[in-house]
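S.K.: This is the structure I want to talk about, given as structure tokens.
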Amino acid sequence: MYQKIIIFLILSLSTVYGQQQYLSPTRMAVHPVTNEVYTLLSTAGSIAKVCPVNETVTGVFPIGFTPSDICFSASGNTMLLYVTEYAPTGKIHIFNPANMRRVASIDVGYYPSAICVNRSGTLAYVANRFSNDLSIVDLSRKREIKRLPMIREPKSLALSPCEKLVAVGNSLPLQSALDSPVSARITFVDTQNNDIVGHVPLSDGAHSVEDVCFSHDGAQLFATHIFSRYYFPTTHLERGWMNTNAVSVVDVATRKYLTSLLLDDAYRGAANPCGMTVSSAGDKLFVAASGVHELIEISLLPTLEHIRRQVNPADLAHDLMFMSDFKTRIPSLGKGAKHVVMQGGKLFVSDYFSGGLTVVDAH
């Protein structure tokens with residue numbers, strides 16, 4: 001794979017009040033028509049627009065707040081951009097991407113962390129991290145119509161391909177440390193009635209869920225997280241088994257946890273998996289591993305087939321060698337790989353600490 005980096009213009013070197021202004025690129029969204037990659041610059045309170053063809057920044061737009069997530073939807077003939085404001089008085093801000101003018105703002109919960117909008121642009125779902133709930137917003141009336149309680153620190157969202165389910169990644173468990181098992185949970189919401197249809201516990205020790213995404217056919221849900229084996233003695237520290245890094249797999253039809261794909265190697269960790277995306281063909285899953293500045297490619301078809309052949313798939317969550325033949329580690333050219341999107345056969349990885357994007361040719 002061929003790769004190179006974009007550094008965001010001279011803004012990354014500018015100073016404010018005698019200090020360097022940092023950018024901190026995080027989540028991204030691809031314009032459905034122009035295919036431009038819109039990137040949140042969280043520390044700079046701005047949005048950068050990147051042309052995916054010649055890999056250049058075509059604009060940086062100050063928005064005046066700390067953004068946490070971004071997505072597009074088309075409502076009639078109008079393409080709109082939705083950005084959540086990460087603040088105690090959380091809001092959705094709606095922009096016209098043609099000129100980046102704000103057209104509306106809608107109140108939601110406490111520190112909104114993620115948003116998804118249906119294709120028709122009628123409903124938005126917002127995960128409010130520190131009020132532990134999910135806002136359901138009527139976009140035509142520009143107001144919240146329902147608030148659903150979540151588990152603890154909902155931080156990520158995914159809308160199923162058929163748009164019948166929203167999956168919510170609750171970052172942390174809500175259990176006593178003396179309980180067993182202890183794990184974070186995925187909450188499923190039925191979009192027809194806007195009601196909770198289930199909370200799916202991940203494997204014992206799963207916590208710090210960073211992202212969730214559906215497979216292309218909607219049959220599986222993937223969740224990135226850390227896997228702590230709190231029940232092991234401290235003698236296992238030197239063997240690296242106290243904390244591992246994983247992508248868990250949930251069967252959507254039955255809403256049951258299947259197994260966890262361990263990203264670490266025997267003598268090389270894959271710390272802090274964050275954002276994910278599925279390839280255009282649906283045959284690969286790409287995971288940004290922030291702690292090791294890497295992108296990890298998972299071959300989904302052989303991985304899922306191997307899981308299907310297991311009598312007890314959950315046992316694979318303890319097999320560090322299982323994924324050896326099904327994953328490839330790709331170094332990022334920047335530091336702190338946070339999120340990843342795919343456009344035109346290219347992967348764009350936001351490098352939080354170095355303030356740029358790594359571009360990977362995925363052909």
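Only the coordinates and a few stated rules stand behind these numbers; no lab work does. Nothing here was measured: the structure is a model prediction, and the numbers come from that model. FYI the Cβ positions are ideal-geometry reconstructions off the backbone, even for glycines, and counts take in every protein chain you see.
S.K.: Per 5 Å bin, what is the whole-percent P(r) computed from every C-alpha pair distance within the range 111-247?
M.R.: That works out to 2, 11, 19, 21, 18, 12, 7, 5, 3, 1, 1, 0, in percent per bin.
S.K.: Across 10 Å bins from the origin, how do the percents of Cα pairs in the range 27-95 run, short distances first?
M.R.: Per 10 Å bin, starting at zero, the Cα-Cα P(r) for the range 27-95 comes out as 21, 53, 24, 2 percent.
S.K.: Taking the Cα-to-Cβ direction at K142 and at Y110 and moving 7 Å from each Cα, how far apart do the two end points lie in nm?
M.R.: That separation, rounded to one decimal, is 2.7 nm.
S.K.: Still on this structure: For the range 60-148, rounded, prolate or oblate, judged on the Cα gyration tensor with a ≥ b ≥ c (square roots of eigenvalues), a/c < 1.5 rounded, else prolate if a/b > b/c?
M.R.: Because a/c hits 1.5 or more and a/b fails to exceed b/c, the range 60-148 counts as oblate.
S.K.: Convert 25 °C to kelvin, take the viscosity as 0.890 mPa s, use the Kirkwood radius over C-alpha pairs of the range 212-301 as Rh, and evaluate the Stokes-Einstein diffusion coefficient in µm²/s, rounded to a whole number.
M.R.: Values: Rh = 13.8 Å.
The calculation lands on 177 µm²/s.
S.K.: Mind computing the radius of gyration and Dmax over the alpha-carbon atoms of the range 70-361? Å is fine for both.
M.R.: Considering the range 70-361 through its Cα atoms, Rg and Dmax are 18.9, 62 Å.
S.K.: Let me make sure I get this right: for the range 207-363, a, b and c are the square roots of the gyration tensor eigenvalues over alpha carbons, sorted descending. Under 1.5 in a/c it's rounded, otherwise prolate if a/b > b/c, else oblate. Which is it?
M.R.: Judged from the Cα gyration tensor, the range 207-363 comes out oblate (a/c at least 1.5, b/c at or above a/b).
S.K.: Quick one: among I186, I92, I307, which has the greatest mean-square fluctuation in a GNM of the chain with alpha-carbon springs under 10 angstrom?
M.R.: Comparing I186, I92, I307 in a Gaussian network model of the chain, the most mobile one is I307.
S.K.: State whether the range 276-347 is rounded, prolate or oblate according to the following rule on the C-alpha gyration tensor (a ≥ b ≥ c being the square roots of its eigenvalues): a/c under 1.5 gives rounded; otherwise a/b larger than b/c gives prolate, and the remaining case gives oblate.
M.R.: oblate
S.K.: Among H207, H318, H199, which one shows the biggest mean-square fluctuation in a GNM of the chain, springs joining Cα atoms closer than 10 Å?
M.R.: With Cα springs under 10 Å in the chain, the top fluctuation among H207, H318, H199 is at H318.
S.K.: Would you please state the base-10 log of I(q)/I(0) at q = 0.23, 0.36 1/Å for the range 324-363, with intensities from the Debye formula using one equal scatterer on every alpha carbon?
M.R.: Reported log10 I(q)/I(0), two decimals: -0.74, -1.16.
S.K.: Taking the Cβ-Cβ separation of D361 and R268 as r and a Förster radius of 22 Å, what is the calculated FRET efficiency to the nearest 0.05?
M.R.: 0.35
S.K.: Using DSSP to call loops (not H, G, I, E or B), can you name the trypsin sites (Lys or Arg not before Pro) in the range 105-160 whose Cβ has at most 14 other Cβ atoms within 10 angstrom?
M.R.: Details: sites: R119, R129, R141, K142, R143, K146, R147, R152, K155; in loops: R119, R129, R141, K142, R152.
Of the trypsin sites (Lys or Arg not before Pro), the ones in loops of the range 105-160 whose Cβ has at most 14 other Cβ atoms within 10 Å are R119, R141, K142.
S.K.: Calculate the tail of P(r) for the range 45-194: the fraction of all Cα-Cα distances greater than 28 Å, expressed in %.
M.R.: It works out to 23 percent of all Cα pairs.
S.K.: Related question: Would you mind counting up the charge near S260? Only other residues with Cβ under 11 Å from its Cβ, with Lys and Arg at +1 and Asp and Glu at -1. Can you show the working numbers first?
M.R.: Values: positive: none; negative: D204, D315, D319.
Here the charged neighbours net out to -3.
S.K.: Next question. Return the lysines within reach of K338: Cα separation strictly under 19 angstrom, same-chain partners fewer than 8 residues apart disregarded; answer none if there are no such residues.
M.R.: K4, K49, K155, K284, K327, K346
S.K.: Can you tally the net charge around F65? Count Lys and Arg as +1, Asp and Glu as -1, for every other residue whose Cβ sits under 13 Å from the Cβ of F65.
M.R.: Here the charged neighbours net out to 0.
S.K.: So how far, in whole Å, is the C-alpha centre of the range 32-94 from the one of the range 166-195?
M.R.: Between the Cα centre of the range 32-94 and that of the range 166-195, the gap is 28 Å.
S.K.: Using only DSSP helix segments of four residues or longer, with each worth -39500 (n - 2.57), what per-residue ellipticity at 222 nm results for the chain after dividing by its residue count and rounding to 500?
M.R.: -500 deg cm²/dmol, from helical runs alone.
S.K.: Could you work out which residue, out of C116, C162, C51, moves most in a Gaussian network model of the chain, that is, has the largest mean-square fluctuation with Cα springs under 10 Å?
M.R.: Highest fluctuation of the listed residues: C162.
S.K.: Something else: Order these by the 10 Å Cβ neighbour count, fewest first: L134, L81.
M.R.: So the ranking, lowest neighbour count to highest, is L81, L134.
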